[in-house]
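What follows draws every value from the coordinates through simple rules; no lab data is involved. Because the structure is predicted, anything quoted here is derived from the model rather than measured. Note: ideal-geometry Cβ built from the backbone for every residue, glycine included; neighbour counts use all protein chains shown.
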Amino acid sequence: MGLPGLDFPGLGVGIAILRDGKLLLCRRMKAPEAGHWNIVGGKVEHMEPAEHAARREAEEETGLSVGSIRYLGVTEQRIEADGQHWVSLLYVCDDAKGEPRLTEPDKLSDIGWFDLHDLPQPLSVFTTAVLAYLR
C-alpha cells in the first residue's frame with residue numbers, strides 16, 4: 001500500500017495558532033525537516049474531515065483547547081531532502097485556551113510563541129507558506 005508523503009503525495013493539515021500577535025511554533029525532531037520550526041499539524045486520517053484533523057493535531061501536539069478555526073488556503077510541499085511530498089490545507093485559530101506544552105516529546109523538542117516579525121530559524125517550508133496568508 002505504501003506510506004503517504006513518501007510513496008504517494010500525502011494529505012496534511014496545518015493550523016496557525018495566534019495569540020496577542022504571536023504565532024505558536026514547534027521545533028520538529030523527525031523528517032520532514034527535522035530541526036525546523038513548524039506550525040502544528042499532521043496528516044489527515046482516512047475518512048476524517050480535514051478541519052477535524054487540524055483541530056485534533058493541534059490539541060494532541062500542544063495540549064491547548066482549540067476554539068473556532070477558519071480555512072486559509074492550500075499549499076504543496078515537495079521536500080527533496082527528505083523525499084516527501086504533501087498537499088496541505090491550512091487553517092488559522094485565534095481562539096485557543098490554555099498554555100501550550102510539549103505533549104509529544106518524541107516528535108517535538110521545543111514549543112513557544114513568536115512574534116510574526118521575529119520568527120526563529122530555520123522555518124519549515126510549511127510555515128513559510130502559511131506566513132503569506134498571515135502577513
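Would you mention how many residues in segment 76-98 are among the β-branched types (V, I, T) and within 12 Å of the chain's Cα centre (by Cα)? The number of residues fulfilling the criteria is 1.
Among the residues of segment 79-100, those identified as farther than 16 Å from I15 by Cα and touching a strand residue (DSSP E or B) at 6+ places or on another chain (Cβ under 7 Å) are H85, G98.
Each residue in segment 3-44 was checked for being within 14 Å of F126 (Cα to Cα) and of a type in the set (F, W, Y), and 1 of them qualify. Yes or no: E48 free of Cβ contacts under 8 Å to residues at least 40 places away in the same chain, more than 20 Å from K30 (Cα to Cα), charged (D, E, K, R) and surrounded by 12 or more Cβ atoms within 10 Å (Cβ to Cβ)? Judged against the criteria, E48 is a match.
Out of R78, R56, one residue alone is surrounded by fewer than 21 Cβ atoms within 10 Å (Cβ to Cβ), part of a helix (DSSP H, G or I) and without any contact (Cβ under 8 Å) to a residue 40 or more places away in the chain. It is R56. In the set (1) over 25 Å from D20 (Cβ atoms); (2) surrounded by 13 or more Cβ atoms within 10 Å (Cβ to Cβ), the condition left unmet by F114 is number (1). Within segment 59-67, is even one residue within 18 Å of G21 (Cβ to Cβ), in contact (Cβ under 8 Å) with a residue 40 or more places away in the chain and of a type outside the set (S, T, Y)? Checked against the condition, which is being within 18 Å of G21 (Cβ to Cβ), in contact (Cβ under 8 Å) with a residue 40 or more places away in the chain and of a type outside the set (S, T, Y), segment 59-67 yields at least one hit.
I need the full set of residues from segment 13-32 which are among the small types (G, A, S) and in contact with a Gly (Cβ under 6 Å, 6 or more places away or on another chain), in order please. Hit for segment 13-32 is G14, nothing else.
Remark: E104 matches the filter, which requires a residue to be of a type in the set (D, E) and in contact with a helix residue (DSSP H, G or I) (Cβ under 7 Å, 6 or more places away or on another chain). For segment 59-75, residues that are in a helix (DSSP H, G or I) and buried (at least 16 other Cβ atoms within 10 Å of the Cβ) total 3.
In the set L123, L89, L116, which member is in contact with a helix residue (DSSP H, G or I) (Cβ under 6 Å, 6 or more places away or on another chain) and on the phi < 0 side of the Ramachandran plot? None of the other options fit; the residue is L89.
One residue alone among E61, E33 is at positive phi and under 14 Å from the mean Cα position of the chain (by Cα), and that residue is E33.
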